[in-house]
């Protein structure tokens, strides 16, 4: 059986699945339920500085978008950091860590962007015996208006500065949580590294308005007829997160920086993809909030089963394995030629491939052949774009087939060449001409 | 079962009150209960929104099914209803009675893919019920043309034709032989397919457009003549269906207990108390169409102990769909194939049994094998095809060309006589389906409109 135990910046957990800092990790009761269910660790919901706790709205905090059968695809929230007393949280963290020594307990923090504020709270957290801290530079709503959360995360200099304060003050590993609400994720990641961060975690939620009520024209979730932008998470944000994780993993400046992958992870497969793109472990929230903690059973067993089937012994065998295959567009092989192929036995004749291609693409799929409804790829027109594969409701009915070297591409009339050739050397590239 | 209830159920001969009121209510409840809001969303989400969708091709009225399902999925049942009713003004009834398993749902690509089609019929009902519940009218009359059209029959064909003509601004007079409108929708469909007073409500919904006057008790042949209709109106549409029943073709006088299935079905639909309807303990239905199934299943639901459908050919040739056959079998009806009636047995003036001869195909011709079987029966129903009937038949014979005893029509409903169109079961293109009758009535109305404008 594959070993899925995890060591992330020295923080050990029996599996790489942590619960992200969020409502599921706001108090001992929830966290203990999670540990009983099998979760490897938690990042305790963000603590703020000492004083009267922050308040939340008293109306709805969440909004959602749905797929088929009201399957939750995306969740948006306007909840703030913990609204419980700092010392109550610290007490519970200490108790839980003591009771569950083999699980990771990391504490998320968000205090004002002042050195003293950070230097005051860090010893209090350290005293709990927690395994590490995560700096919440991510939340895009509410706290950001007060100069915290993503307001910090959007300014690389602040990230570096606060990270440095923390590293100077505490023995605990420092994980910097990044916001996706920036133009290029590499800058905040580099800043975190420069400040001495042990790791980054990403993504936090994406700024969003989830929907608008068309009866009263209020954004949802509606608080007395008004709405505020929230943070978007869940399966729908996974592609954004994967890209950002990969960007950091393949950036030469941050290549060695450990990453805790977050963003729409719902199944073992999602987690494996994050690991492959360089995440050292993963954090989950929306899936647990949708289905409860039991999903951890599917996640761990699914990961183990896949690793066993592929002959991977430990997480180190898979972490970062896809990173070398992430490249820039200009280095993609232009001599790799594919054509769509429709399996006529599998085809149910819905016609979606045809209309998608006919209306919006390359007019490369028939509708009728010899008077009968028949969908066939017209090789002379097919550019191999994959849209038909994506819209086909039948798995593996349409496949992309590579043209072997030496065969003729019916569209271009040219012979397929085996040699790798990319845009940087293409005759149509003006830069190539300029260089000559 | 308690002794008394058991005794009532097992009474010999034809008797009423075999089942309790509660049992009857359960037996005749809506066979396909409507989808609720959530079920409709889930069901609609299964539609792939096919291009040039096979379900539309399979629908005799060519309703834009992917569009109306998408409208349901996106929270616009009213838009869906308009899409449906635009093609088929009786879309509410068709949603209930169409044999979708041989039409749209058979063609559904998900039937091909998984043997589980999108529930098109139930989704259509969801949308049309929503519109009718709000009495939302989607169509207005065009400016009055001053033209008048006589429509014979207030059944599916006549109503569809009348509605479309009214839309175009013509005045429509409907001549209906019975005391109530609806035709087969009102009198000829199993009660569990259209519960409550839906058929009547739908007629009111359809005629609410205005410009349609229905005259009752005006059967063609007995009360009105084709000649008079032609004199009184600028155009005539015949949609009177089939009112005659083929005889069993047996020698001698038929004893008591031998009846037409359509009469039995009509009585069931009109009965305010089904407990008063007499039914045999042992029932034999002769025929193989939807009428035979509707009759047999309802005989069983009324409490008959033993119900047999005897069909002269094989099950594959039955006009009733396989789904309908399975429905019958599921209700405990026995389907016996390759049997034709030869003799009725009589006891004190009432039928007591029926002797059937086995049949076989001999060079594609159906022949009796000589071997017979006798089934005990205290009630025998004829469900062996209908004819124009004496009055209707004589009213058109000589004036209109007929084929196979029905009115010959062109694709647009034109008959051999100028100014006279026809549609539905009374025509050679009728196929005993509400939806086909609606399509033909609608299309004839368009042809009539074109002719009247010309």
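Tabulated results
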item	result
Hits in segment B:29-45 - residues which are in contact (Cβ under 8 Å) with a residue 40 or more places away in the chain and surrounded by 18 or more Cβ atoms within 10 Å (Cβ to Cβ)	B:35, B:40, B:43, B:44
Members of segment B:41-56 that are within 9 Å of another protein chain (Cβ to nearest Cβ) and either under 20 Å from residue A:359 (Cα atoms) or in a helix (DSSP H, G or I) (or both)	B:41, B:42, B:45, B:48, B:49, B:50, B:51, B:52, B:53, B:54
Of the criteria (1) within 26 Å of residue B:243 (Cβ to Cβ); (2) more than 19 Å from the chain's Cα centre (by Cα), which one residue B:144 fails	(1)
Output for segment B:1-19, where each listed residue is surrounded by 12 or more Cβ atoms within 10 Å (Cβ to Cβ) and without any contact (Cβ under 8 Å) to a residue 24 or more places away in the chain	B:5, B:8
Residue A:238 being surrounded by 17 or more Cβ atoms within 10 Å (Cβ to Cβ), within 17 Å of the chain's Cα centre (by Cα), within 20 Å of residue A:288 (Cβ to Cβ) and free of Cβ contacts under 8 Å to residues at least 60 places away in the same chain	yes
Single residue of segment A:357-383 satisfying the filter (touching a strand residue (DSSP E or B) at 6+ places or on another chain (Cβ under 8 Å) and not in a loop (DSSP other than H, G, I, E, B)) that is farthest from the other protein chains (Cβ to nearest Cβ)	A:377
Answer from A:353, A:347, A:392 - the residue that is modelled with pLDDT of 95 or more, touching a strand residue (DSSP E or B) at 6+ places or on another chain (Cβ under 7 Å), more than 30 Å from residue A:274 (Cβ to Cβ) and within 14 Å of another protein chain (Cβ to nearest Cβ)	A:353
Of all residues making up segment B:57-82, the number that are in contact (Cβ under 8 Å) with a residue 40 or more places away in the chain and either in the same structural domain as residue B:431 (by TED's automatic domain parsing) or part of a helix (DSSP H, G or I) (or both)	12
Leading residue by the ranking (modelled with the lowest pLDDT) among those in segment B:409-435 that are in contact with a strand residue (DSSP E or B) (Cβ under 6 Å, 6 or more places away or on another chain) and surrounded by fewer than 19 Cβ atoms within 10 Å (Cβ to Cβ)	B:428
Some residue of segment A:153-163 being within 22 Å of the chain's Cα centre (by Cα), crowded, with 21+ Cβ neighbours inside 10 Å and at pLDDT below 95	yes
Verdict on residue A:45 being within 24 Å of residue A:290 (Cβ to Cβ), touching a residue at least 12 places away in the same chain (Cβ under 8 Å) and out of contact with any strand residue (DSSP E or B) (no Cβ under 6 Å at 6 or more places or on another chain)	yes
Where residue B:38 falls short, out of the listed (1) in a helix (DSSP H, G or I); (2) within 14 Å of chain A (Cβ to nearest Cβ); (3) modelled with pLDDT of 95 or more	(3)
Selection from segment A:171-190 of residues that are within 19 Å of the chain's Cα centre (by Cα) and assigned to a loop (DSSP other than H, G, I, E, B)	A:178, A:179, A:180, A:181, A:182, A:183, A:184, A:185
Output for segment B:202-234, where each listed residue is on the phi < 0 side of the Ramachandran plot and surrounded by fewer than 16 Cβ atoms within 10 Å (Cβ to Cβ)	B:204, B:208, B:213, B:215, B:216, B:222, B:223, B:225, B:227, B:228, B:231, B:232
Unmet requirement for residue B:151, which otherwise passes all of (1) buried (at least 19 other Cβ atoms within 10 Å of the Cβ); (2) out of contact with any strand residue (DSSP E or B) (no Cβ under 7 Å at 6 or more places or on another chain)	(2)
Unmet criterion (only one of (1) in a helix (DSSP H, G or I); (2) surrounded by 12 or more Cβ atoms within 10 Å (Cβ to Cβ)) for residue A:390	(2)
Of all residues making up segment B:92-117, the number that are over 14 Å from residue B:433 (Cβ atoms) and either away from chain A (no Cβ under 14 Å) or in a helix (DSSP H, G or I) (or both)	9
Test: residue in segment B:133-140 that is at pLDDT 95 or above and assigned to a helix (DSSP H, G or I)	yes
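Listed here are the residues, each with its yes/no results for (1) more than 16 Å from residue B:53 (Cβ to Cβ); (2) in contact with a helix residue (DSSP H, G or I) (Cβ under 6 Å, 6 or more places away or on another chain).
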position	(1), (2)
A:352	no, yes
A:366	yes, no
A:370	yes, no
A:373	no, no
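The values are calculated or read from the model by the stated rules, or taken from the named source; none is laboratory data. Bear in mind the structure is a predicted one, so any value in this text is a computation, not a measurement. Heads up, the Cβs are rebuilt from the backbone with ideal geometry, glycines too, and the neighbour counts pull from every protein chain shown.
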